[in-house]
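Down below is the structure, laid out as structure tokens.
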Amino acid sequence: MRNLILACIAALQLASCGTTPATRPSPTKEIALQLYSLREDFGNSFDSTIAKVAEAGYAAVEAASYGGGKFYGKTPEEFKAAVETTGMKVLSSHTAKMLSEEELRSKDFSESLAWWDETIAAHAAAGMEYIVAPAMQTPQTLADLQTYCDYYNAIGQKCKEKGLSFGYHNHAYEFAKIEGVVMYDYLLEHTSPELVFFQMDVYWTVIGKRSPVEYFQKYPGRFTLLHIKDYKELGQSGMVGFDAIFNNLDVAGTKHLIVEVEQYNYPPIESVKISLDYLLNCPLVK
């Protein structure tokens, strides 16, 4: 009975993308998973959980647990090997270092940049293509926000020199205003397109009462990665206009779609499977 219910739900999800297959499709699209989606599972066993991610049909992973030079308790080389053994690839990682009050005051963030030298080296050794700052503190002034823009440009330059790309991931608070200016717009307009890309989280953008597609059109080519997320499993809430998003990926400059599931109707591994099926069966996702 449980499997029948899941199958019915999956069929309803897929209807918006114009297809309702009788069986689960073969994974033919390179969709990545943000591993935070299975945070409790990874806390119990990394190796068995990463194997389940591959079995679900994901082609790549985005890490969410870097610290002390390691990913999920593994050296960069061990992490890379563990992922690649499953047939997946290492794509990206969420990693950040906030500026201290002194760095914001002095505009000298060389101490934080020194931390990034080691961090970038570790990510390169792990096979990462992208490093993404998952969040930031909300600056009180545009001057402080400009310092963050300068900081991100500097990180982006360091990443570029090592063959990686650096980006920023939003939540909803970036759509608030600082001194009358929308924080997210300021970040987009005061970071270099050559050094900083944006990983739009489409769900949080909608929660921030903004249109992802309007941002794609206003800042074309800046959104190299997208977090494809819904309130729970993909396509179930009706809140996010996925069809319009998928129709504008070229305008956005998107190269990779990354699924993230933060809340669940089912056990997390089932939720990430349902979410992947939604994308694999959607004809708008190439």
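I want to confirm something. Restricting to the range 55-71 and keeping residues that are assigned to a strand (DSSP E or B) and under 16 Å from Ile228 (Cβ atoms), which single residue is nearest to the chain's Cα centre (by Cα)? Spell out how you get there, then give the answer.
Within the range 55-71, the first condition is being assigned to a strand (DSSP E or B), and the residues that meet it are 60-63, 66-67, 70-71.
After this cut, where a residue has to be under 16 Å from Ile228 (Cβ atoms) as well, the list is 60-62.
On the way: Ala60: 12, Val61: 10, Glu62: 7 Å.
Out of the qualifying residues, it is Glu62.
The residues of the range 164-191 that are among the hydrophobic types (A, V, I, L, M, F, W, C) and outside any helix (DSSP H, G or I), listed by number, are Leu164, Phe166, Ala172, Ala176, Ile178, Val181, Val182.
Report the residue count in the range 238-275 for those that are within 27 Å of Arg222 (Cα to Cα) and assigned to a loop (DSSP other than H, G, I, E, B).
At the first step, the residues of the range 238-275 found to be within 27 Å of Arg222 (Cα to Cα) are 238-262, 272, 275.
Checking which are assigned to a loop (DSSP other than H, G, I, E, B) leaves us with 238-241, 247-248, 253-255, 260-262.
Selection size over the range 238-275: 12.
The sole residue among Tyr203, Tyr266 that is touching a residue at least 12 places away in the same chain (Cβ under 8 Å), open to solvent by 10 Å² or more (accessible area, probe 1.4 Å), within 30 Å of Ala154 (Cβ to Cβ) and hydroxyl-bearing (Ser, Thr, Tyr) is Tyr203.
Scanning the range 206-240 for residues that are over 22 Å from Ser37 (Cβ atoms) and of a type outside the set (Val, Ile, Thr) yields Lys209, Arg210, Ser211, Glu214, Tyr215, Phe216, Gln217, Lys218, Tyr219, Pro220, Gly221, Arg222. With respect to (1) within 17 Å of the chain's Cα centre (by Cα); (2) assigned to a helix (DSSP H, G or I); (3) aromatic (Phe, Trp, Tyr), the lone exception for Tyr278 is condition (1). Answer yes if at least one residue in the range 99-112 is open to solvent by less than 10 Å² (accessible area, probe 1.4 Å) and either under 25 Å from Tyr264 (Cα atoms) or assigned to a strand (DSSP E or B) (or both), and no otherwise. No.
The values are calculated or read from the model by the stated rules, or taken from the named source; none is laboratory data. Quick caveat: nothing in here was measured; it's all calculated off a predicted structure. Note: ideal-geometry Cβ built from the backbone for every residue, glycine included; neighbour counts use all protein chains shown. Accessible surface areas use protein heavy atoms only, side chains included; no ligands, DNA or RNA. Shrake-Rupley method; radii C 1.70, N 1.55, O 1.52, S 1.80 Å.
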